[in-house]
Amino acid sequence: MNDTVPVRLLQGDVVRLLLGVLVAAAGMAACLLWLLRSKRRELALFYFGIASVMYGIRLIVNSNTIAYLAPDHTLLWQRINWIITSLIVFPFILFFVETVAPQWRAAARWIVGLGGVVQALVLAGHWFNVNPSLADQLNSTVVLVLMPLLLFMLFVPPRKADRQLWIVRTGAVVFALFALYTNAVDLRLIRGNANIEYIGFVFFLCCLGYVAASQMFRNEERLVSINKELEIARRIQSGLLPEGDVRVPGLEIAAKYVPASSVAGDFYDFLICDGRGLGALVADVSGHGVPAALSASMVKIAIRSQTDRAESPAEVLSGLNSALFGNMQGQFVTAGYLFLNAANRELTYAGAGHPPLLVWRAQERRVETIEENGLFLGTFPECQYANIKTGFGPGDRCLMYTDGVLEAPNQAEEEFGMDRLRIFLAENFNLPAGHFCEALSKRIETWCNRGEKEAHDDLTIVTIDYKT
């Protein structure tokens with residue numbers, strides 16, 4: 001006969017135990033998801049998770065099966081139940097305010113504060129066995145007062161509700177009605193079954209789950225659409241870069257372009273002057289992503305209008321600044337422009353707030369730094385820039401780049417820096433231009449050791465060798 005007692009208890013508690021486990025698991029999953037989110041200031045998920053965990057545990061510890069399996073811990077189960085019953089209303093209030101009643105955020109603090117004082121008295125009455133029946137009545141009274149107040153907060157002030165809000169409101173109303181009913185039964189205001197409140201909570205949980213799932217699917221659709229648009233933007237931006245090999249007699253030219261995201265603010269281009277020389281531009285738009293990429297496309301258009309003055313870097317930068325000024329929407333551009341005349345073995349350079357040009361001098365076996373900078377492009381009207389001229393002989397190499405190279409951080413947040421770049425150039429001068437660009441890109445990647453993480457910044461490398 002005794003063997004049938006656990007079976008009967010389990011049969012009577014199977015729904016309660018199963019729902020308790022599922023609700024607690026859903027709450028823990030919500031808390032874990034909140035911890036993994038980058039925006040932890042959005043506390044709705046956390047409040048919901050805490051409330052769900054507490055409610056699920058209360059369903060479990062209130063079951064007859066738990067009392068039968070651990071009779072020596074009856075007082076422990078009772079105290080857990082008292083604590084949860086006294087506190088569970090507060091994460092529910094905070095969840096309501098964070099999701100569907102943010103206009104009541106200030107009032108919610110007072111409600112939680114006053115309710116906390118009352119519930120502390122309720123808990124003390126149970127804990128020290130001071131008139132526990134009165135404490136139960138006081139707790140039920142608090143619920144009977146708070147539930148209509150929450151429903152009032154849910155619908156007032158009136159506002160236009162979409163389908164999702166109506167579903168949440170419906171679930172909340174059903175749960176509130178079940179809570180009011182069971183607490184009214186506890187106070188003996190009406191007759192009935194005081195153990196059916198969990199039905200309303202599970203219904204409310206299903207409503208929230210439906211809304212969350214709908215929102216997730218809608219976000220997935222938006223994400224797919226955004227990714228398609230970004231892919232189109234990436235292809236368009238890739239089309240703005242020079243296509244194929246750029247050939248100028250006596251020069252070997254190579255470039256490496258690594259955007260930090262789908263689209264980037266770095267840009268490079270070449271201007272060829274009747275086969276006599278090569279103009280090379282490397283530019284970096286402030287910021288990242290789509291805004292920077294749109295501004296980079298403006299640089300592409302602007303540089304093509306500077307073909308007639310390609311042999312004078314200062315005039316090219318001045319023309320770019322005039323074209324970009326007033327059209328940058330708060331952004332700016334750093335740029336370096338180099339013109340190489342292979343026949344005359346002459347190098348002319350000018351910069352606009354850009355990292356310096358590095359030149360490997362083959363005969364002297366040293367790295368030379370060439371820096372001639374004016375103001376950023378697109379910020380001030382009528383900026384003046386100056387040319388710096390020097391020789392460029394056989395075996396020499398020019399290295400142009402963006403600050404994504406110098407500022408690349410390692411795990412200790414130490415930047416790659418100019419010294420390491422100069423050393424790398426000196427140690428790898430014998431690599432062909434294309435191989436050098438690839439090797440430097442891999443060196444930066446190894447230095448950052450970012451794995452699957454997004455790059456710190458866009459990275460552009462342009463290498464030009466004198467091969468005659």
### Task
Report, in degrees rounded to the nearest 10, the 0 to 90 angle that the Cα long axis of helix 44-61 makes with the longest principal axis of the chain.
30 degrees
### Relative contact order (%) - the chain, alpha-carbon pairs under 8 angstrom, separation at least six
11 percent
### Query
Say R0 is 35 Å: what FRET efficiency, to the nearest 0.05, do residue 423 and residue 304 get from their beta-carbon distance?
0.45
### Query
For segment 323-371, which GluC sites (Glu not before Pro) are in a loop by DSSP, counting at most 15 other Cβ atoms within 10 Å?
364, 371
### Query
So what are the ³J(HN,Hα) numbers for segment 354-362, from phi and the Karplus equation (6.51, -1.76, 1.60; θ = phi - 60°), rounded to whole Hz, Gly and Pro as x?
10, x, x, 6, 10, 10, 7, 8, 5
### Task
Determine one quarter of the surface area of the Cα convex hull of the chain, which equals its mean projected area, and express it in nm² to one decimal.
32.4 nm²
#### Entry: Nonlocal amide H pairs with residue 241, under 5 Å, H built at 1.01 Å
none
### Query
Among 307, 348, what is the fewest-to-most ranking by other Cβ atoms within 10 Å?
307, 348
### Task
Starting from segment 407-452, pick out the GluC sites (Glu not before Pro) whose DSSP state is loop and whose Cβ has at most 12 other Cβ atoms within 10 Å.
413, 414, 452
## Note on the structure
Gyration tensor on Cα atoms of segment 353-468, a ≥ b ≥ c root eigenvalues, a/c under 1.5 rounded, else prolate if a/b beats b/c, else oblate, says oblate
### Message
For a quick check: sort 21, 224 by the number of other beta carbons within 10 angstrom, fewest at the front.
### Response
224, 21
### Summary
Computed ³J(HN,Hα) along segment 174-180: with the Karplus parameters 6.51/-1.76/1.60, θ = phi - 60°, integer Hz and x for glycine or proline, the list is 4, 5, 4, 5, 5, 5, 4
### Task
Would you mind computing, in nm to one decimal, how far apart the modelled labels at residue 371 and residue 149 are, each placed 7 Å from Cα along Cα→Cβ?
6.5 nm
### Query
Can you give the angle from 0 to 90° between the axis of helix 105-127 and the longest principal axis of the chain, with both taken from C-alpha atoms, to the nearest 10?
40 degrees
### Query
Put a dot 7 Å past each Cα toward the Cβ at residue 68 and residue 386; how far apart are the dots in nm?
9.4 nm
### Task
Answer rounded, prolate or oblate for segment 248-466, using the Cα gyration tensor with square roots of eigenvalues a ≥ b ≥ c: rounded when a/c is under 1.5, else prolate when a/b is larger than b/c, else oblate.
oblate
### Query
To the nearest 10 degrees, how steeply does helix 89-99 sit against the main Cα axis of the chain, on a 0 to 90 scale?
40 degrees
### Query
What is the distance in Å between the Cα centres of segment 88-106 and segment 15-34?
20 Å
#### Entry: Inter-label distance for residue 345 and residue 33, nm, one decimal - labels placed 7 Å from Cα along Cα-to-Cβ
7.0 nm
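Rule-based calculations on the coordinates, nothing more; no lab input. The structure presented is a predicted model; accordingly, all values stated were derived computationally and were not measured. For neighbour counting, all protein chains shown are included, and Cβ atoms are generated from backbone atoms with ideal geometry for every residue, glycine included.
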